[in-house]
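The values are calculated or read from the model by the stated rules, or taken from the named source; none is laboratory data. Note that this is a predicted model, so its numbers are computed, not measured. For neighbour counting, all protein chains shown are included, and Cβ atoms are generated from backbone atoms with ideal geometry for every residue, glycine included. Only protein heavy atoms, including side chains, enter the accessible area calculation; ligands, DNA and RNA are left aside. Shrake-Rupley method; radii C 1.70, N 1.55, O 1.52, S 1.80 Å.
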Amino acid sequence: MIELVNTSRWYGQVIGINDVTCHVGPGITALLGPNGAGKSTMMKLITGQLRPTTGKVTVLGEKPFANPNVFRKLGYCPESESSYDTMTGREMVTMLAWMAGLTSSEIPARVSDTIEHVGMTYAADRKIGGYSKGMRQRIKIAQGIIHDPDVLLLDEPLNGLDPVARREVTGVLHGLADRGKCVVVSSHILYEVEQMTQDILLMHRGRLMAQGDIYQIRSLIDAHPHRIAITSDYSRKLASMLLESPDVLSARIDAEDATRLEIETRNPEKFYALFPELVLRNGLTIRRFYSPDNNLESVFKYLVNE
Amino acid sequence: MAVATISGLTVRYGNKTAVDGLTVEIPEGCVGLLGPNGAGKTTLLKTLLGFLKPTSGSGEVLGYNVATDGLKLRQKIGLMPEIDCHIPGMNAVTFVAYCGEMSGMPAAQALRRAHETLQYCRLGEARYRDLETYSTGMKQKVKLAQALVHGPKLLFLDEPTNGLDPDGRDEMLNLVRDVSHAKGLNVIVSSHLMPDIERTCDSVVVMRSGKMVRQGSITELRALDAVQWSVDLRTPSPQFQAAMEAEGATLITNAGSHYRFEFKKSPTEDIGSLLFAIAIRSNAQIRGFERASRSLEDVFMEAIS
Amino acid sequence: MIDLYLVRSALRDLTRTRNLIAAAVLVLAPGLLIWFLRLVALNRGGQFDYAAVYSLMSEKVVFGFVMVILSLVFCTSVVAQEVENKTIVYLLTRPIPRYRIITVKFVPALLVTLVTVWTALIIAAFSAYGLSHIGSSPLKHDLLLAPIGVLAYGTVFLLLTTLLHRPLIYGLLYAFGWETWVPNMPGSFQRLSLMAYLRVLAPHSTPEAAEADITSVLTPQTQDVISSHIAWVVMITTIVVAFALALYTFSVREYVPRDAE
Amino acid sequence: MIPPIPAIPQQTVQNQNAPIADLSYRNYDGPLNSRAIRWWTIALAMFKLHTKPLSFKVIGALAMLPYLFVIVVLWLQGQLSTAGGGRPSFLVMTGLVDTTPGQKFALQFYNALGYQLLYLVILTLIAGAGCIASDNKNNALLIYLSKPITKNDYLLGKWMGLFLSIFTVAFGPAALLYFYCMVSFYSDGFFKDEPRLFLHMLTATGVTAAVFSSIMVGLSAWSKSPRITGAIVAAIYFAGQVVSFTLWRITSGGDANKDVILAHSSIGGAISGLSQVLYGVTVHTLRGRMKTGFHEVDYAPPSAFAMWGILIGLAVIGIAAARIKIRAVEVIS
């Protein structure tokens, strides 16, 4: 639904995004990357606020810049906290609903429904100027989904939301995705993303570093060294056994907790496949088994920090 | 000993009650202050700083009365506000030294401390640059440095990791952890991100609609009555789940490749062997397992519902 | 239908209490000044030259100040305020062509300016001439010409706001630097200023200059004369060209500032 | 799943004699200044901040020109009076110089301050427009007030910082002129004729700086945008001057000493009126039109009471406005 072909965008001499080619289809896609990686630039290109310096951006088959045909089916929740401070939440959503081309008869009901959907009914008639960060965030999301867009882009939508609101909003996004809409969410908080989707786009220094399914990306990383912590009563015995394997690079017993053994393997895939047999064959009692590197956070760190 | 003792504290703005008869004793160490938006956390912090006069009730922080000893209090407290703030036209060193001087430090001492705290907050050569050119992560560090410069005994951190990317967040959390656990400062952290609280705090206070609804150490609050195990597979596997259920385990939650099971019968002695055996049988690959406890998020959701 | 709603919503925003108070001050100021002068004249038993006073107020205060400052503030805020508050993204990602967005925001700004200028003129005229002599006043002429002036300045400021990052500053420089000095320059210099043409269209008999300080009498008083046909042509061309350019610029420019990431 | 971080062992308070120092963070138990002078810290920091921009330095340097001009005029008059043999020079006729004992130097100081006023206004706008407005914009107020200072410390510091910046520019060149006159005209009765000139000069420049800073602080506190504050102050200043002067022209009908209070009822007008009162000079000038010719006019100083009243009123309103607005916390309705 969204397509970028060799897209680059500079701001004068400063690079925003650099030669990005990707395709985003229905469902939730997470756009990840450290600050300054180009996530916001990419969103602005897709939402037709900026034009690419080189390359091509198409949304639903058309160029988005100042194109009403695209905007009819596109929703956007910007990152900036500012909005129409002198309006009430309901007024702002109503105005933007008008501008989205909804008809006057359906607007009041539609606005109330959407505001209810993001859990803002209790404060809808207060001035936005007095809203907290979380309340602004929800009104911003409401205006983005008011016209039931096919493509929805949200820039850091969960920033500043409390856990309750976060669950509600995630629920709303899942609802949209289940109906075949294309939802792109950028975020810093990786554990949130892990709960939301498996499809990611990872940006770094303006380039698209990785894209696809988290598990696929994880197996790519399996080719690189990996730490695994094992808690058992036989740390030393286990260490010597494991060190016999050529794939285990090091084994270290925790200085404080002698039952905790941390090993480093250069072939995690193979290690994970062989370890259960080793345990079962030798009748070892393992009480805890986990890898500090086995989450999106370390995938991210690994890719970004090289 | 308690850092702050609050009894029956009520704070109103106009006709809106932000803190409503709050009674709580905040222990020493690193304490997480949790609550949904509008629960009165920020108001509570502002009252403890002596900005707002309580409508009724009393509060004592570090032995000072919050209603009358605002100045003495602020000498001993450092505040890291949630919002972006800086003084235009200053670089980080000047700014932090200036903050030190406002707390009464002689100019030379303030400058010395400014360098010391900025270095501690991992802000290298960038500290000579104008604050307006800083990234979010650097601004957060400067905000922390200015709260530390006058050597406070108590630190208020309002959403310290807001808007930070994973690296920045990691650095900030390590700093908070270090300052509270190795440097002997008392810290109150308010955050919406439960993993942050889990990493930095020892205990939490949960607020809702201006009242305290739960308090305790994180370990206690997270303890589960039942024995549950969480298992992380390489990819989601329905066969594994079926095999586990055949062994008498009940599935509690499943998110992607994360599973959590509860054993109704007494827990097996050698859980590792059991899990590995099932995994081999069902052709799944275990990437990790551990005795589950409740997540702080669950504790929080339960407390405020 | 959409347009009507948006015009109404923009109007509501323009007529907020703060704006109304400022407008009220500007509307009442010329009238109050006239009353003050009238009182002084009566106390002294002197003659109150209402025609001269009204001319002074209408040319210098209403056309020269109230109209310019109001169109400056309201018309530059059409785009600049949205950019400054970062709310323009909401407008630019809606399925409405950009030229329509800017037009529906521009029309209310013009209306508010025009109504304020009209009110100020009416109050000034009635304060000066009183009910009895109102028929002999040039009020009708001024009221008819006010829209031309408002449109001319409005479109110029609209163009500024679509082009420049800080239109208010440049607008102030233009309005109170350029437009106050150039019309008084000798020779054909005055032809570079809108105010000179407006003065031709709405002529006011300036009272014989009171005797001046030694420093101010040294300026020569030799200006060429602009015919009213030329004035009409210039004014209308300015309005059309500035408006068309503003619409075009707004349709093709990017208004999203780069985030300080 | 986020793995828990192992607890860092609790460390006891650092031993001073430890062989390896912990360079990370230590507590501060050093000396503290008295709380009574904290406003001065703010004032000094603001003074440094205001005077740092290049624009301030350039305009500040330009603001010395009027005093240089006055020195040139005094020197020229000296040359002309020796050459002219007793007849009044054109400088005397146009009012640039007054040779009456007791008026001679005071008039020069008065003129120089008058010429300088425009520069001082621009400097006030450059330095002061943002003095509180940019704190509002950047939420710096929260930082200030979370330190052990009060609202009054903050306000006094801000005011004093701005005052010092303007006062330096107003007083500095005046003091130089005073020194020049003292050295050059000692024998011409500089001290004998005008013994209290220094005091008058100090008051006139001080009041100017104080009024400008009070008005600026008051308006700045109510704004979030330094640019708009600057534009508003400039508009009030210049429009007020034009309106009050025009009104005076019309009501006085050409009589130079009628209704003068009206001519002085604007910020700039009141300041120049008060400085005329303080220096006690009668301004002598030529008026008229090319066609009808010129005649001599003398302007006597306006009422001292009215001038002080207007200026003190403006200053009090400014400071009160700032005091009302400054709060540590936004009250949410």
- Query: Which residues make up the longest stretch of chain C clear of trypsin sites (Lys or Arg not before Pro) that lie in a DSSP loop with no more than 16 other Cβ atoms within 10 Å, not counting the sites?
  - Reply: C:45-252
- Note on the structure: the stretch A:2-219 accessible area per residue, 1.4 Å probe, protein heavy atoms, integer Å², reads 34
- Message: Can you give me the % of accessible surface on the stretch B:228-304 that is carbon or sulfur? Probe 1.4 Å, all protein chains present, nothing else counted.
- Response: 51
- Query: Which percent of the accessible heavy-atom area of the stretch D:36-325 goes to carbon and sulfur, probe 1.4 angstrom?
  - Reply: 72
- Regression test value, accessible area per residue of chain D, probe 1.4 Å, units Å², expected 48
- Note on the structure: Taking a straight Cα-to-Cα line shorter than 12 Å from D:Lys52, and setting aside same-chain aspartates and glutamates fewer than 8 residues away, one finds none
- Mind checking the alpha-carbon convex hull of the stretch D:36-325 and giving the volume per residue in Å³? 146
- B/D buried area, accessible surface, summed, 1.4 Å probe, Å²: 4600
- Query: Too long at a 20 Å Cα-Cα cut-off: which of D:Lys224/D:Lys325; B:Lys141/B:Lys211; B:Lys211/D:Lys147; B:Lys46/B:Lys183?
  - Reply: B:Lys141/B:Lys211; B:Lys211/D:Lys147; B:Lys46/B:Lys183
- Query: If you take the accessible area of C alone, add that of A alone, and subtract the area of the pair, what total do you get in Å², probe 1.4 Å, to the nearest 100?
  - Reply: 3100
- Task: Once you've got the GNM for chain C with C-alpha springs shorter than 10 Å, pick whichever of C:Met57, C:Met185, C:Met235 has the biggest mean-square fluctuation.
- Result: C:Met185
- Query: What is the Cα centroid distance between the stretch A:10-73 and the stretch A:140-171, reported in whole angstrom?
  - Reply: 19
- Can you give the average number of partner chain beta-carbon atoms within 10 Å of each beta-carbon in peptide D:134-143, as a whole number? 5
- Query: By DSSP, what percent of the beta bridges with both residues in the protein assembly as shown are antiparallel, rounded to the nearest 5?
  - Reply: 70
- Query: What are the lysines whose alpha-carbon lies under 30 Å from the alpha-carbon of A:Lys63, with same-chain residues fewer than 8 places away excluded?
  - Reply: A:Lys39, A:Lys44, A:Lys73, A:Lys140, A:Lys181, C:Lys86, C:Lys105
- Message: Given a 1.4 Å probe, show me the residues in the stretch C:20-67 buried by at least 30 Å² of accessible surface when comparing the whole protein assembly to the chain alone.
- Response: C:Leu33, C:Phe36, C:Leu37, C:Arg44, C:Leu56
- Check each residue of the stretch B:289-305 and keep those whose accessible area, probe 1.4 Å, is at least 50 Å² smaller with all protein chains in place than in the chain alone; give them in order of residue number. B:Phe289, B:Glu290, B:Glu297, B:Met301
- For the stretch C:1-74 and the stretch D:199-270, distance of Cα centres in Å: 21
- Which residues of the stretch A:92-128 end up with at least 50 Å² less accessible area in the presence of all protein chains than when their chain stands alone, using a 1.4 Å probe? A:Trp98, A:Met99
- Message: Quick one: the Cα spread of the protein assembly as shown along its three principal axes, in angstroms, biggest first?
- Response: 124, 75, 54
- Item | Proximal lysines relative to C:Lys60, as straight alpha-carbon distance under 16 Å, when same-chain residues fewer than 8 apart are discounted | none
- Please report how far the C-alpha centroid of the stretch B:184-203 lies from that of the stretch B:104-162, rounded to the nearest whole angstrom. 19
- Query: In whole percent, how big is the carbon plus sulfur part of the accessible area of the stretch A:223-304, probe 1.4 Å, protein atoms only?
  - Reply: 50
- Task: Return the single residue from D:Ala209, D:Ala61, D:Ala321 with maximal mean-square fluctuation; model: Gaussian network over chain D, springs between Cα atoms under 10 Å.
- Result: D:Ala61
- Item | chain A: most fluctuating residue of A:Cys182, A:Cys22, A:Cys77 per GNM, C-alpha cutoff 10 Å | A:Cys22
- Note on the structure: To the nearest Å², the heavy-atom accessible area per residue of the stretch B:228-304 with 1.4 Å probe amounts to 42
- Separation of the B:Glu247 and C:Glu254 label points, Cα + 7 Å toward Cβ, nm: 5.6
- Query: Quick one: buried accessible area between A and D, total over both chains, 1.4 angstrom probe, nearest 100 Å²?
  - Reply: 500
